[in-house]
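J.: Quick one: structure below, then a few questions.
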Amino acid sequence: MVIEIEVRGVKVYYKSVRALDGVSLSVRNGEVLSIIGPNGAGKSTLLRVINGVLKPHVGTVLIDKTSLHDLRPRDVARKVGYVPQRLRATGMLTVYDFVMTGRRPHVSFAPTKEDEEKVYEALKVVRLSDLADRALEELSGGELQRAVIARALAGEPEVVLLDEPTSNLDLKYQLEVLSLVRSLSNRGLIVIMALHDLTQAYRASDKILLLNSGKVVAVGDPDEVLRPDLISKVYGVPVIIIKEHKIIVPLF
Amino acid sequence: MRGSAPRKRAILTALILLTFFLVPLSIWLGYYKASMADILRVLFMPDNSPLSTVVWDLRLRRILAAIVIGAVLGGAGAAIQAVMRNPLASPFTFGLSFAASLGVAVALLILQGGALQRYQIYVYNPFMVSMCAFAFSLVQVLVVLLLAYKAGLSAGSLVLSAIATSFAYQAVLYLLQYFYLNEVLVSTVVFWTFGDLGRISWEELRLVATASALLVIPYFIYRSLDYDLILGGDELAKSSGVSPERLRVETTVLAALGTALATSFVGVIGFVCLLAPHAARLLVGGGHRYLMPTSMVMGSLILLLSDTLGRTIISPIVIPVGIMTSLLGVPLLVYLLIRGGGHGYRD
């Protein structure tokens, strides 16, 4: 079954600043879309719009032809799972407790047996089953990021949004998280993530959206979007792109 | 059921049983001595004997008050710590004790004006004083919420507006003391701030118990999963369809309602709100599904133990429970401080 998420002509203003200025995109299930662009380009704002947390001033977000902003927050949360950029673990929650919070949109009074099963399934996907009773504070950076992804999965979403999932991680954990992201799309989910690292975006995505000052500069196949002239113009730094290895090197 | 859930459930059950076991023991301990058999007899078949009066009117009432108020304060502490994401937050962070003290001062002033011909000490009308303390506490919470609302209802804005208004209450209280209150009234206000469970009447106890059982405690239990959620941040809560602002306001109002009711009848017993959740977290961890009920039982246990100790260590003199909880609680909090990560919140 094909599920599609569509962003149509979204505009968001913060006071007089245009954070997003007519952004449109569409992604299907099984695809990974990366949003790239310099700081302040509007990557996080776009994620918040798709997340249903921020209502755009103009434009709309459609999942399966249904407008996201007509749904109750709880119903949006059932469709869209969110992985924040940096989680500050606090309060001695165990990994299990934390992942259970991802079931919130499905729980009416207290978590049931089924919710428990879903939590353990999600933990299995991110290979954290053995650490279910560990406190979040005791996890390594990579383990914590996997726990946050498991939390999003536990809600059985159709779309997973990740905000800079590899920032603050060592190289090994960065690769681990990116391969996990790929496995999510292989499971038939729509994956949309904001990324800083252009090489990572090149390698991990099926589609790339390049944003600058709230406007779409280019969107489409990585090889089409990641062109030296476009990147240099947007980031203000000349780059060399080594296509056969999918590497982007800034020149300085 | 997998993982640590069975262990946590066992701990909670054990604590509940311990509380029940402590009730007859606590009735038995005290200045008026009687055998356990006699105590159990009048407990189930009250008569007109002095023992029956001691058991029912002197001891059982304050024991039940300890259990009910302890549960409310323990639960309110855990809930407020979660929505504020701060291990040192409690309902008293909102300046309830200052507002309540001012309410007492105002009540005493009004009463004194009404019955000048008598000695002040006889003018003392406990219910009026309680109601004034309660009204001032509620006004305080509303003002704090209103100010915080203007600043976006974040955890930080709530704390800042509470601190600001607390100073205002303190200043007005000092002003009243400076200009209007005589020595007897000032010492009455001070005495009132020493929380004492013996002060509560059956009617007042019924009121606190009803509000707690129907409103405050069920709400805290119902929101357990949301308290776990909001620990991860406001953004995370929103992404799961839960409004962090609404959760924070409702929790604050209900915690303040329970605490203000308790405070206005028995005085300030602040420490339990901090102590009970921390002790509970050491036993069952941070997940509110078990932390919330365990904090409540822990609150009951701490109040019951402190009050019983306060009644018996230099009997017949009764040390107010507010002083006892502070004395007993400081070592535990210092232990938690030194243990570091044990309090469960990091900067």
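J.: Relative contact order of chain A: what whole-number percent is it, with Cα pairs under 8 angstrom and at least 6 residues apart? Please list the in-between numbers first.
T.: Working: 489 pairs, mean separation 65.4, N = 252.
Reported as a whole number, the value is 26 percent.
J.: Tell me the label-point distance for the pair B:Leu147, A:Glu4, using the 7 Å Cα-to-Cβ offset, in nm and rounded to one decimal.
T.: That separation, rounded to one decimal, is 5.4 nm.
J.: What number, rounded to the nearest 500 deg cm²/dmol, is the helix-based mean residue ellipticity at 222 nm of chain B, given -39500 (n - 2.57) per DSSP H run of at least four residues and division by all its residues?
T.: Numbers: 17 runs with 256 residues, N = 347.
After summing the helix terms and dividing by the residues of chain B, the value is -24000 deg cm²/dmol.
J.: With a Cα-only, solvent-free Debye model of the range A:107-190, what are the log10 I(q)/I(0) values at q = 0.21, 0.23 Å⁻¹?
T.: -1.05, -1.21
J.: Which order do you get for B:Ile302, B:Ile313, A:Ile36 if you rank them by accessible area with a 1.4 Å probe, largest at the top?
T.: Working: B:Ile302 30, B:Ile313 100, A:Ile36 0 Å².
The ordering from most to least exposed comes out as B:Ile313, B:Ile302, A:Ile36.
J.: Where does each of B:248-256, B:63-71 land if you order them by average Cβ count within 10 Å, highest first?
T.: Details: B:248-256: 22.3, B:63-71: 26.6.
With the highest mean Cβ count within 10 Å placed first, the list reads B:63-71, B:248-256.
J.: Quick one: if you stick a label point 7 Å off each Cα along the C-beta vector at B:Leu17 and A:Gln85, how many nm between them?
T.: Distance between label points: 5.2 nm.
J.: Work out, step by step, the length gained on full extension between B:Phe44 and B:Val253: first 0.36 nm times the residue separation, then minus their alpha carbon distance; give nm to one decimal. All intermediate terms of the calculation are to be shown ahead of the outcome.
T.: Values: separation 209, 0.36 × 209 = 75.24 nm, distance 3.78 nm.
Taking B:Phe44 through B:Val253 to full extension adds about 71.5 nm, to one decimal.
J.: Pop a pseudo-label 7 angstrom from the Cα along the beta-carbon direction at both A:Glu117 and B:Ala5 and give the gap in nm to one decimal.
T.: In this crude label model, A:Glu117 to B:Ala5 measures out at 1.3 nm.
J.: What's the FRET efficiency of A:Asp130 with B:Ile338 using the Cβ-Cβ distance as r and R₀ = 25 Å, to the nearest 0.05? Display every interim value, and only then the final one.
T.: Details: r = 31 Å, r/R0 = 1.23.
Once rounded, the FRET efficiency stands at 0.25.
J.: Rounded to whole Å and sorted largest first, what semi-axes of the equivalent ellipsoid does the C-alpha gyration tensor of the range A:119-164 yield via the square root of 5 times each eigenvalue? Before the final figure, lay out the partial values.
T.: Details: eigenvalues 63, 35, 10 Å².
Ellipsoid half-lengths, sorted descending, are 18, 13, 7 Å.
J.: Can you send over the carbon and sulfur percentage of the accessible area for chain A, probe radius 1.4 Å, protein chains only? Don't skip to the answer; put the middle values down first.
T.: Numbers: 5570 of 11070 Å².
The nonpolar share, carbon plus sulfur, comes to 50 percent.
J.: Using the Cα centre of the protein assembly as shown as the reference point, and only Cβ charges (+1 on K/R, -1 on D/E), how large is the resulting charge dipole? Debye, rounded to the nearest 20. If you can, show how the numbers build up before the last one.
T.: On the way: 57 positive and 46 negative charges, 27 e Å.
For this selection, approximately 120 debye.
J.: Taking a probe of 1.4 Å, how large is the accessible area per residue of the range B:131-202, in Å²? Walk me through the numbers before you get to the answer.
T.: Working: 3810 Å² over 72 residues.
Per residue, the range B:131-202 has an accessible area of 53 Å².
J.: OK, next. How much accessible area per residue does the range A:68-209 have, in Å², with a 1.4 Å probe?
T.: Values: 5520 Å² over 142 residues.
With the other protein chains kept in place, the range A:68-209 gives 39 Å² per residue.
J.: Chains B and A: how much accessible area gets covered up at their contact, both sides added, probe 1.4 Å, in Å² to the nearest hundred? Could the numbers behind the result be given before it?
T.: On the way: alone 16400 and 12460 Å², together 26020 Å².
Buried area (both sides, nearest 100 Å²): 2800 Å².
J.: If you don't mind, another one. List every residue whose amide H lies under 5 Å from the amide H of A:Leu211, counting only residues 5 or more places away in sequence or on a different chain, with H placed 1.01 Å from N in the peptide plane.
T.: A:Ile36, A:Gly37, A:Val217
J.: Would you mind getting me the FRET efficiency between B:Leu25 and B:Glu183? Use the beta-carbon distance for r and R0 = 41 Å, nearest 0.05.
T.: Details: r = 40 Å, r/R0 = 0.99.
E(calc), rounded to 0.05, equals 0.50.
J.: Report the semi-axes of the equivalent ellipsoid for the protein assembly as shown in whole Å, largest first, where each axis is √(5λ) for an eigenvalue λ of the Cα gyration tensor.
T.: 56, 27, 19
J.: Taking the convex hull of the alpha carbon atoms in chain B, what volume per residue do you get, in Å³? Present the calculation step by step, with values, prior to reporting the outcome.
T.: Numbers: hull volume 53.6 nm³, N = 347.
So the per-residue Cα hull volume is 154 Å³.
J.: Taking B:Lys8 as the anchor, which aspartates and glutamates have their alpha carbon closer than 17 Å to its alpha carbon, excluding any fewer than eight residues away along the same chain?
T.: A:Asp97, A:Glu116, A:Asp133, B:Asp228
The values are calculated or read from the model by the stated rules, or taken from the named source; none is laboratory data. All values derive from a computational prediction rather than experimental measurement. No Cβ is skipped: glycine too gets one built from the backbone with ideal geometry, and neighbour counts run over all protein chains shown. Remember, those area values only see protein heavy atoms, side chains included, never the ligands or the DNA or RNA. Shrake-Rupley method; radii C 1.70, N 1.55, O 1.52, S 1.80 Å.
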